[in-house]
Structure formats: structure tokens, C-alpha cells
1. Tell me, rounded to the nearest percent, the portion of alpha carbon pairs in the stretch 181-240 spaced more than 15 Å apart.
2. Before anything else, pin down the relative contact order of the stretch 251-338: Cα pairs under 8 Å, at least 6 apart, normalised by residue count, whole percent.
3. If you take the beta carbon distance between L390 and R62 as r and set R0 to 25 Å, what does 1/(1 + (r/R0)^6) give as a FRET efficiency, to the nearest 0.05?
4. Taking R0 as 30 Å, what FRET efficiency do you get between L348 and S143 from their Cβ-Cβ distance, rounded to the nearest 0.05?
5. Over the alpha-carbon set of the chain, work out the extent along each principal axis and list the three values in angstrom, largest first.
6. Rounding to the nearest 10 and keeping the result within 0 to 90°, find how far the Cα-based axis of helix 314-329 lies from the longest principal axis of the chain.
7. Pick from S165, S347, S73: which residue has the top mean-square fluctuation in a GNM of the chain where Cα pairs under 10 Å get a spring?
8. Of K116/K339; K206/K271; K70/K339; K164/K278; K206/K268, which pairs sit farther than 29 Å apart, going by alpha carbon to alpha carbon?
Amino acid sequence: MSQQAPLQLHILIVGCGLGGLAAAHCLAQAGHKITLFESAPAIGEVGAGIQVSPNVTRLLIRWGLAEELKKVSVKPEGLVFRRYSDGQKVAYTRWGERMDAFGAPYYHIHRADFHKLLYDRALNEMDLRLNSTVVDCDPEAPSLTLASGEVIHGDLIIGADGIKSRIQKAVLGRENPAHPTGDAAYRATIPASALLADPELESFVKTPEMTGWMGPQRHIMGYLVRGGQLYNLVMLHPDDGSVESWTAEGSADKMRADFADFEPRIQKLLKTVDTTLKWRLMDRKPLETWIHPAGRVALLGDACHPMLPYRAQGAAMAIEDAGVLGNLLSRISNIAQLKPLLYAYESLRLPRTAATQASSRLNQTIFHLPDGPEQEARDFQMRKAMEAELA
Ligand code: FAD
């Protein structure tokens with residue numbers, strides 16, 4: 001962060017996800033006092049892999065996390081898209097060192113490792129209140145009420161409380177539930193050693209590329225995480241009654257049945273999976289505003305822009321939000337500037353996140369085309385681009 005604000009605010013952040021932690025770090029670096037409220041009683045390991053693109057690694061490196069990040073990440077050499085039924089390559093983009101053109105690497109990382117990295121960075125910069133569910137927010141006071149009945153006052157409240165955000169309701173003054181997207185995700189990790197033991201699968205470990213298999217109404221993304229020790233699979237398919245949770249278990253047998261028409265290597269990979277997590281994918285149209293009119297409450301991350309993970313940008317956008325907010329609030333010298341600075345945050349961020357929400361939805365259509373002329377036209381265009389890439 002470039003500077004410490006002349007005026008110190010007491011900022012109450014709701015939610016200790018990737019977005020809330022990034023906000024705690026950036027706002028503390030801007031000179032503010034941070035109290036962060038999280039409903040979970042402990043910070044534990046959840047989820048599976050996550051892609052961290054250069055727009056985010058650039059920020060993480062700036063925050064002094066380059067070495068820790070490198071230790072737990074895998075740097076993919078490229079991105080391959082394959083036809084679901086026979087594994088034929090339809091697209092290839094070389095990454096690796098080429099990403100240096102963006103000023104920072106593309107990484108694959110376990111979500112728990114990513115969370116720990118940000119948690120360790122922010123821990124000494126904030127007062128963390130675990131087991132503290134926020135049940136009400138008074139945007140005028142401004143104050144938060146916890147489930148225990150305790151009321152906490154601050155100068156500014158940041159709602160980083162995810163897709164079911166309570167703070168969003170306080171900002172908008174109405175309920176605005178997220179919508180099902182029609183899709184759900186199975187997630188599983190497989191020890192890389194199991195892939196290395198099979199000559200048909202070993203290349204997924206020996207050449208650390210990200211592989212996408214596109215099929216009718218479904219696709220699979222596969223990549224290595226945890227320094228190359230685990231192969232992460234995300235399997236997207238029509239939702240058939242899952243829940244929206246990082247920890248809900250799905251049936252591994254049902255998962256295999258849902259992808260039974262995918263190529264033989266997928267069948268081999270899925271055979272090794274004993275347990276899988278299942279997540280209903282929800283999103284929401286861009287909000288009309290992220291700021292309560294009194295100018296003391298703002299939203300960040302999935303609380304204001306949940307999106308399909310089909311561009312791998314949900315957490316990335318939350319972390320960018322935090323960087324911009326921290327930068328703007330490092331300039332505050334009197335409380336009258338708070339409201340205009342929050343509106344500046346919204347006007348810098350909302351158009352970008354709205355465009356990312358829309359392009360993530362578009363990828364749902366592109367990736368999931370049924371067999372037929374439109375899918376053939378897509379593959380033809382992608383192959384042409386691949387030939388140009390490899391020429
Ligand atoms: P959350 O992670 O939802 O955190 C909200 C926190 O607030 C939680 O800890 C919750 O317990 C707490 N909380 C909620 N309500 C309260 C309350 N009332 N009181 C106190 N605490 C509360 N993004 C990427 O950038 N790259 C990827 O590769 C990627 N892959 C994904 C794959 C899948 C299958 C899915 C589902 C998502 C993926 N995403 C990806 C998106 C990314 O995970 C989310 O966008 C990101 O985690 C949102 O972070 P957040 O901090 O805004 O919200």
C-alpha cells in the first residue's frame with residue numbers, strides 16, 4: 001500500500017473469506033483499525049483447487065507474498081481444451097513464462113493454502129472475532145448486531161459475507177436472493193502419485209497444464225495443486241438438487257454416472273475418487289449499487305458480484321475490490337470524504353465485475369454446446385486459433 005491515511009477509521013468487516021481477508025490486509029495497510037467478524041468457530045481447510053490469474057498474483061506479490069505463494073502453487077505450462085468423448089485436442093494456449101508479459105505468473109493453488117496465506121498475512125493486522133455471526137446491520141449508526149446480542153459500532157462496515165450476504169440486504173433495503181444458474185460442481189482431488197503410476201495418466205502430472213474437457217451441458221477442468229502433489233478436478237453439470245456449500249458431500253457413484261460418456265482417461269481418473277464435494281452454482285445480476293446512501297456501508301466480493309466460476313474470476317474480483325478500496329481509503333483525511341470515496345470505489349469496480357459476471361455466463365453456453373453444428377463451429381474456430389498458436 002502506498003500510504004497511511006491521515007484519518008484513522010475503525011472498519012468492521014463481515015466475513016473471513018478470501019475477500020474479507022484481502023480487505024482486512026489492504027485497509028490495515030492504509031492505516032485503519034480493523035475488526036473482522038466471522039460466523040465459523042475456527043478457520044479450517046475447505047474446498048479444493050482455485051486458479052489464481054496474473055491480475056491477482058500481481059497484487060499478492062505486491063503484498064509481500066511472492067515466496068509463500070510460489071511454495072504452495074503450481075505454474076501451469078498451458079491450457080488445453082479437449083473434446084469430451086474422445087479427448088481430441090481442440091484448443092491450446094501456451095502459458096508458463098509467457099504469462100510474464102502480464103507482469104506476474106498464473107498459478108494453481110489449493111483453496112485452503114490460499115486462504116491460509118491471506119489469513120497469516122492479515123492476522124496481526126486485525127482483531128479477528130470468530131464464532132461471531134452478524135444478525136443485523138444498522139447502516140445509519142453504523143453498527144452490527146451479533147447473534148449474542150452484542151452491538152458493535154464503527155466508522156465503516158464492509159460486507160464481505162459471501163453470496164448469502166446479510167449486509168447486502170442492509171445496503172439495498174430489500175431481499176435480493178441469488179439465482180440458481182442451472183449448474184452444479186463436483187470437486188475432488190486425487191494424489192498425483194496415482195496418476196504417475198498409470199502410463200495413460202502420467203502426462204497430466206509430468207506436463208502441468210490445465211485441461212478442460214467440453215461436453216454437452218457439462219465440462220471438466222483438471223489441474224495440479226499443492227506444489228504438484230494433488231490433481232484437482234472440477235466437474236460441472238446440470239444441477240439436480242445440490243446445496244450451495246463448500247463442504248456438502250456428493251455421491252461419487254452418481255458423479256461417475258453423470259460423466260460416463262467422457263473419454264476413457266476421465267473414467268480412469270474418476271474411478272480413483274472415493275469422496276466428492278458438490279456445490280450448487282448461483283449468481284446474481286449486477287446490483288444497482290454496492291453502497292448504502294448514508295455512506296457508511298459497502299459491499300465486496302461475492303456479497304455484491306457472485307458469478308459462475310467459468311472464467312475463474314470470483315475470488316480474483318473480490319481481491320481486486322480489496323486492493324482498490326484500500327488504495328482509495330489510504331487517502332482519507334476527514335470523515336466527509338468517506339461517502340465520495342466509497343462511490344469512487346463502486347464506480348471503479350462495478351463495471352468491471354459486471355462484465356466479468358456476464359462473460360462467465362457466456363462461457364456456460366460456449367463450453368456446454370450440445371453435439372451438432374454449433375459445437376462443430378466452435379471447435380473449428382478453436383482449432384484454427386490453436387494452429388496459429390503452434391505455428
Ligand atoms: P466467501 O468465500 O463466501 O466468504 C464469506 C465469509 O463470510 C464466509 O467465511 C462466511 O462464513 C462468512 N459469513 C457469511 N455470513 C456471515 C455473517 N452473517 N456473520 C459473520 N460471518 C458471515 N474464483 C477464482 O478466482 N478462481 C477460481 O478458480 C475459482 N473457482 C471456483 C470454483 C468453484 C466450484 C466455485 C463454487 C467458486 C470458484 N471461485 C473461483 C469463486 C470464489 O471461490 C468466490 O468468488 C470467493 O471465494 C468469494 O469470496 P468472498 O470472500 O467474497 O466470499
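1. Values: 902 of 1770 pairs.
Counting pairs separated by more than 15 Å, the tail of P(r) holds 51 percent.
2. Details: 55 pairs, mean separation 17.2, N = 88.
Computed over the stretch 251-338, the figure is 20 percent.
3. On the way: r = 34 Å, r/R0 = 1.36.
E(calc), rounded to 0.05, equals 0.15.
4. On the way: r = 27 Å, r/R0 = 0.91.
The value I calculate is 0.65.
5. Result, largest extent first: 62, 41, 37 Å.
6. 30
7. Maximum among the listed residues: S347.
8. Working: K116/K339 32 Å; K206/K271 20 Å; K70/K339 38 Å; K164/K278 18 Å; K206/K268 17 Å.
Exceeds cut-off: K116/K339; K70/K339.
Read-outs: derived from the displayed coordinates by stated rules, not from any lab. Nothing here was measured: the structure is a model prediction, and the numbers come from that model. Cβ: placed from backbone, ideal geometry, glycine included. Neighbour counts: every protein chain shown.
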